[in-house]
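Following: one structure in C-alpha cells, then a few remarks.
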Amino acid sequence: MKLFDSHCHLDDRAYQEDTDAVIANARAAGVQAMMIVGIHQKSSEKAVMLAQKHDGLWASVGVHPHDVKNCSEKTMQYLQKLAQNPEVRAWGEIGLDFNRMYSPQKDQETWFIRQLAIADELNLPIIFHERDSNGRFLEILTAYPGKNRKGVVHCFSGSRKEMEQYLALGFYIGITGVVTIKSRGEELRKLVPLIPADRLLIETDAPYLTPTPERNHYRRNEPAFVKSVFLKVAEVRHQDPVNLAEILWENTCRLFEIR
C-alpha cells in the first residue's frame, strides 16, 4: 500500500533539525507522497524548496487566515510567481478562522476573496481552512463561485449539513488524526462513512493534531503517522484497507493533478 499525506507542514521549525529523518520515517511507513502546505510567503518559499529537493513532495502557496493581517498585493504577486514552479500543485491554505482571530475579520474576508480569484485564474485547486466562521465561509464561496474550482476542506470537523454543502460544491473532505481521538473524534467518526469514496482524503496537518496511539508517545506529529488516520478511516468505513489505499491515492493525485 502507498499513502499520500495530503496536508502537512514540513516547512515548520519543528522539523528544522531532522527534516530528512522525518521524510525517511514517512517512506518507511508507506507514505510515498506529501503535500507541504504554505501559510504565508516565507512558509510557501520553504515548501517549494523542500518539494524541489525531494521526490514525492509537492507544495502549495498561499496565506492562512491567521497571517493575512500582514498581507499585501506585493505578497500576492510574489506568490503568483512562486506558483509557476512545477512542484506547486495547489493554492492554500486559505479561508476563515474566527476562533482565535489572529487577523481581523475584514482582513480575513478581503484576502480570502482575493486568493479565491487568484487560484481560479491560475487554475489551481484550493486548500481550504474553516473554523468557527458561523456560515460566513460558505456565504463567500457561494457569492464568489469559480467556474472550474476544485478544492479540499482541510481538517474537516463540521456538521453533516456543512459536509453536504461542501460536497455539493464539488470539494473533497480532508480527515486528520482527530478521527482517532476517543471523545473529540466521536462525531467525525459518524460522518466519515457518509463521505463518497471519490471525495475522501487523509492528512496529518503535522506537526499538529497527532493521532492516537502516537499522541500518547510523541509531542510532534509527522507524515508517517497518517497511517494511523488511514487505518481508523478504513475501520469506521468497514472498508478493505488495500482497496481504500488505492482510492485515496487516486483521489489525491486527481485533485492535485499529479501523474
Problem set entry | Debye log10 I(q)/I(0) at q = 0.10 Å⁻¹ for region 1-138, Cα point scatterers | -0.33
For this session: Calculate I(q)/I(0) for region 41-109 by the Debye formula, one identical point scatterer on each C-alpha and no solvent, and give its log10 at q = 0.13, 0.14, 0.20, 0.27 Å⁻¹ to two decimals.
Result: -0.38, -0.44, -0.78, -1.13
Problem set entry | Local electrostatic count, Leu116, Cβ distance below 14 Å [Lys/Arg +1, Asp/Glu -1] | -1
Problem set entry | Computed [θ] at 222 nm, helices only, for the chain once each DSSP H run of length n ≥ 4 contributes -39500 (n - 2.57) | -12000 deg cm²/dmol
Problem set entry | Listed values [x] 51; [y] 67; [z] 58, entry calculated as percent of Cα pairs over 22 Å apart | [x]
Exercise. Is the shape of region 191-259 rounded, prolate or oblate, going by the alpha carbon gyration tensor and its root eigenvalues a ≥ b ≥ c, with a/c under 1.5 for rounded and a/b larger than b/c for prolate?
Worked result: oblate
Exercise. What net charge do the residues around Asn251 carry, taking every other residue with its C-beta under 9 Å from that of Asn251, with Lys and Arg at +1 and Asp and Glu at -1?
Worked result: 0
For this session: Place the peptides 197-205, 235-243, 180-188 in order of packing, highest mean first, counting for every residue the other Cβ atoms within 10 Å and averaging per peptide.
Result: 197-205, 180-188, 235-243
For this session: Work out how much length Phe98 to Arg13 would gain on full extension: take 0.36 nm times their residue separation and subtract the Cα-Cα distance, in nm to one decimal.
Result: 28.1 nm
Exercise. If Lys and Arg each add +1 and Asp and Glu each add -1, what is the summed charge of the other residues whose beta carbon sits under 13 Å from the beta carbon of Gln105?
Worked result: 0
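Each value in this text was obtained by applying a stated rule to the coordinates, not by laboratory testing. Bear in mind that the values here come from a model prediction, so they are computed numbers and not experimental data. Neighbour counts are summed over all protein chains in view; Cβ atoms, including those assigned to glycine, are modelled from backbone coordinates with ideal geometry.
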